[in-house]
Protein chains: 2
Amino acid sequence: MMRLVALAAALALAGCATGPAAEAPAGEQAAAPSLQDILDNSPATDWRTLDPERTLYMELEAGRVIIELAPQFAPLHAANIRALARANYFDDSRILRAQDNYVVQWGRPDDDPRPLGSASESVPGEIAIPRAGVEFSPFVDPDTYAPEVGFSYGFPAARNSAEVWLTHCYGMVGSARGEGLDGGNGGQLYVNIGQSPRNLDRNITLVGRIIQGMELLSTQRRGTGPLGFYETPGEMTPIRSIRVASDVPVGERTNLEVLRTDSATWATVVDSRRTRRDAFFSNNPVNRIGVCNISAPVRPVN
Amino acid sequence: MMRLVALAAALALAGCATGPAAEAPAGEQAAAPSLQDILDNSPATDWRTLDPERTLYMELEAGRVIIELAPQFAPLHAANIRALARANYFDDSRILRAQDNYVVQWGRPDDDPRPLGSASESVPGEIAIPRAGVEFSPFVDPDTYAPEVGFSYGFPAARNSAEVWLTHCYGMVGSARGEGLDGGNGGQLYVNIGQSPRNLDRNITLVGRIIQGMELLSTQRRGTGPLGFYETPGEMTPIRSIRVASDVPVGERTNLEVLRTDSATWATVVDSRRTRRDAFFSNNPVNRIGVCNISAPVRPVN
């Protein structure tokens with residue numbers, strides 16, 4: 001009676017799947033090319049290999065979380081996080097906080113400091129960059145928070161006539177701070193795990209996004225202290241290390257590529273998710289898409 | 001060096017907290033009345049007690065999940081879900097699916113059917129209602145998916161010149177279906193656990209929202225089958241029962257009240273979250289709010 005395929009065709013391409021999200025199971029005929037069809041037929045040149053110097057591996061007991069840094073937007077933070085990682089600053093660190101529908105935060109606990117190595121104790125806020133010359137594939141759809149949204153170098157972003165900035169979408173990673181835009185240094189990071197808190201845009205520096213292992217963070221037991229902080233050390237999931245991928249032996253790396261968001265394939269993907277041509281959406285084909293309702297597909301390098 | 005209070009003042013009032021979300025911890029001075037201040041100073045008449053006939057208790061080993069039904073929008077589904085609950089249809093049912101950044105789905109497994117009692121096997125889709133006479137507190141802010149958004153009877157909603165409908169925000173509960181708007185009956189339900197999949201609006205019937213226990217669902221281990229379905233019964237969290245609150249002995253009920261979204265206090269809450277007057281937001285006070293970035297506060301009845 002109730003079909004387990006319920007919601008099947010409604011599948012959103014959203015968040016940070018390790019690869020393209022699954023399409024409708026066998027037995028359901030799609031009325032239009034599936035996302036997988038589109039990706040399978042894309043030219044290799046529409047993909048880019050992850051740069052290991054811009055990639056972080058966070059090692060949990062449950063698996064590896066992979067972060068792509070965005071030095072195009074936050075070069076000082078990216079450099080400082082790399083310096084911290086190379087000082088082994090994050091070895092034996094912790095997940096510190098999980099607040100439902102908001103953020104999971106991790107890094108060096110305040111009460112368990114480590115030497116900073118060549119890293120700085122404070123990094124200036126990097127909340128927007130000048131618009132001129134910045135790659136940007138705009139959406140035509142209205143956005144609640146910004147005059148224009150789209151994708152830039154693979155990341156969700158917004159812009160006005162002068163500046164471009166990253167947007168706080170699900171899976172985006174920011175640098176936790178206290179008061180003041182320079183109140184952080186990348187030694188504690190957070191990821192958005194619920195409805196995208198776009199009111200943080202241009203108030204905190206975003207440094208990249210989770211491209212694999214998001215489910216290891218989003219399922220962390222929520223903390224019971226104020227703001228979702230854990231109240232006892234025993235509740236905090238250990239982090240073995242955070243390393244720059246280029247410092248990891250080649251044989252231990254996870255080799256991924258990301259669809260270029262300035263490619264024709266990306267435009268086709270956006271269109272296919274913007275207007276839903278499969279039967280499930282026959283009542284309302286939508287014809288709109290939000291900047292946080294899609295993300296750049298990721299797949300293993302063959 | 002790194003302050004654990006990072007992000008403190010950035011706290012979003014979002015999702016389905018069991019009560020008003022915590023504000024900045026002691027030591028931080030708010031520049032404006034906090035959300036808690038606003039709620040503490042609100043008149044009792046701005047709150048409504050949950051109607052037990054419109055309230056479901058889903059009992060998991062880890063605790064109780066509470067759903068407020070929305071018969072204003074989905075009367076047939078609300079009635080059918082009540083009938084199913086009263087036929088003990090959901091006793092020993094299961095969480096069937098957890099797809100990251102999308103939905104958790106639960107209910108009667110297809111391969112373990114139960115008698116429907118007086119309930120129907122299929123219920124017509126209830127995706128919008130005529131606009132005339134429907135309570136609606138509009139937002140002034142633009143929305144990606146609808147001409148106008150706001151809150152209606154405590155639920156996030158949208159409208160055009162003719163109709164009003166509920167919106168797929170984090171924590172909203174829908175009735176899973178196969179093909180066809182009438183392809184479900186409330187025997188399997190889902191909740192949005194990530195970026196709000198607003199493309200489902202007017203494509204699937206929403207039946208209510210989680211008002212307590214959301215974190216018990218959002219942290220479910222993600223399923224590894226297509227669409228996040230679990231692949232073996234052992235992975236599926238058991239559901240002891242789903243009952244209508246009015247069928248539960250008074251002493252075993254959870255007595256909650258919800259802020260009325262047609263009240264002056266709600267307008268003040270929305271304004272306080274729309275324009276952030278605390279120091280953390282001094283770079284960008286925002287002055288915008290999305291319909292899925294706020295929810296009606298819930299608190300215990302004193």
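Among residues belonging to region A:247-272 that are outside any loop (DSSP other than H, G, I, E, B) and charged (D, E, K, R), point out the one that is nearest to the other protein chains (Cβ to nearest Cβ).
For region A:247-272, the residue satisfying everything is A:Asp271.
With the condition kept exactly as written, say whether any residue in region A:65-78 is part of a loop (DSSP other than H, G, I, E, B), at pLDDT 95 or above and in contact with a Lys or Arg (Cβ under 7 Å, 6 or more places away or on another chain).
There is at least one residue in region A:65-78 that is part of a loop (DSSP other than H, G, I, E, B), at pLDDT 95 or above and in contact with a Lys or Arg (Cβ under 7 Å, 6 or more places away or on another chain).
Kindly indicate the residue of region A:29-67 that is in contact with an Asp or Glu (Cβ under 8 Å, 6 or more places away or on another chain) and hydroxyl-bearing (Ser, Thr, Tyr) and also surrounded by the most Cβ atoms within 10 Å (Cβ to Cβ) among those meeting that condition.
Top of the filtered list is A:Thr55.
Residues being more than 9 Å from every other protein chain (Cβ to nearest Cβ), over 18 Å from B:Asp143 (Cβ atoms) and not polar (S, T, N, Q): count how many of those fall in region B:168-208.
Residues flagged as more than 9 Å from every other protein chain (Cβ to nearest Cβ), over 18 Å from B:Asp143 (Cβ atoms) and not polar (S, T, N, Q) within region B:168-208 amount to 7.
Looking only at region B:146-167, filter to residues that are assigned to a loop (DSSP other than H, G, I, E, B) and more than 22 Å from B:Asn293 (Cα to Cα); which one of those is nearest to the other protein chains (Cβ to nearest Cβ)?
B:Ala162
Quick one: what pairs do we get from region A:109-126, first residue of a type in the set (Asp, Glu), second surrounded by 12 or more Cβ atoms within 10 Å (Cβ to Cβ) and modelled with pLDDT of 95 or more, C-beta under 7 Å, 6+ apart or different chains?
Final answer for the pair search is A:Glu121/A:Asn185; A:Glu126/A:Phe73; A:Glu126/A:Ala74; A:Glu126/A:Leu76; A:Glu126/A:His77; A:Glu126/A:Thr205.
For a quick check of your reading of the model, give me the residue pairs whose first member lies in region B:176-205 and is closer than 15 Å to B:Val291 by Cα, whose second is among the hydroxyl-bearing types (Ser, Thr, Tyr) and part of a loop (DSSP other than H, G, I, E, B), with beta-carbon atoms closer than 6 Å and at least 6 apart or on different chains.
Pairs that qualify, where the first residue is closer than 15 Å to B:Val291 by Cα and the partner is among the hydroxyl-bearing types (Ser, Thr, Tyr) and part of a loop (DSSP other than H, G, I, E, B), are B:Asn192/B:Tyr170; B:Gly194/A:Tyr170; B:Gly194/B:Tyr102; B:Gln195/A:Tyr170; B:Gln195/A:Ser196; B:Ser196/B:Tyr170; B:Arg198/B:Tyr145; B:Asp201/B:Thr167.
Suppose we filter B:Arg243, B:Arg209, B:Arg221 for residues that are in a strand (DSSP E or B), surrounded by fewer than 23 Cβ atoms within 10 Å (Cβ to Cβ) and touching a residue at least 40 places away in the same chain (Cβ under 8 Å); which single one remains?
Selected residue: B:Arg243, the only one of B:Arg243, B:Arg209, B:Arg221 that is in a strand (DSSP E or B), surrounded by fewer than 23 Cβ atoms within 10 Å (Cβ to Cβ) and touching a residue at least 40 places away in the same chain (Cβ under 8 Å).
Do we have any residue at all in region A:230-241 that's over 13 Å from A:Gln105 (Cα atoms), modelled with pLDDT of 95 or more and facing another protein chain (nearest Cβ under 8 Å)?
Within region A:230-241, not a single residue is over 13 Å from A:Gln105 (Cα atoms), modelled with pLDDT of 95 or more and facing another protein chain (nearest Cβ under 8 Å).
Mind telling me which of the residues A:Val134, A:Val140, A:Val173 ends up being surrounded by 20 or more Cβ atoms within 10 Å (Cβ to Cβ) and of a type in the set (A, V, I, L, M, F, W, C)?
Just one listed residue meets the conditions, A:Val173.
Is there any pair with a first residue in region A:273-302 that is more than 8 Å from chain B (Cβ to nearest Cβ) and buried (at least 19 other Cβ atoms within 10 Å of the Cβ) and a second that is of a type in the set (D, E, K, R) and part of a helix (DSSP H, G or I) whose Cβ atoms are under 7 Å apart and which are 6 or more apart or on different chains, and what are they?
A:Ile294/A:Arg273
Name every residue in region A:79-108 that is surrounded by fewer than 19 Cβ atoms within 10 Å (Cβ to Cβ) and part of a loop (DSSP other than H, G, I, E, B), in order of residue number.
Listed by number, the residues that qualify are A:Ala87, A:Asn88, A:Asp91, A:Asp92.
The values are calculated or read from the model by the stated rules, or taken from the named source; none is laboratory data. As the structure is a computational prediction, the values presented were derived from the model and not from experiment. Reconstructed Cβ throughout: ideal geometry from the backbone, glycine too, with neighbour counts over all protein chains shown.
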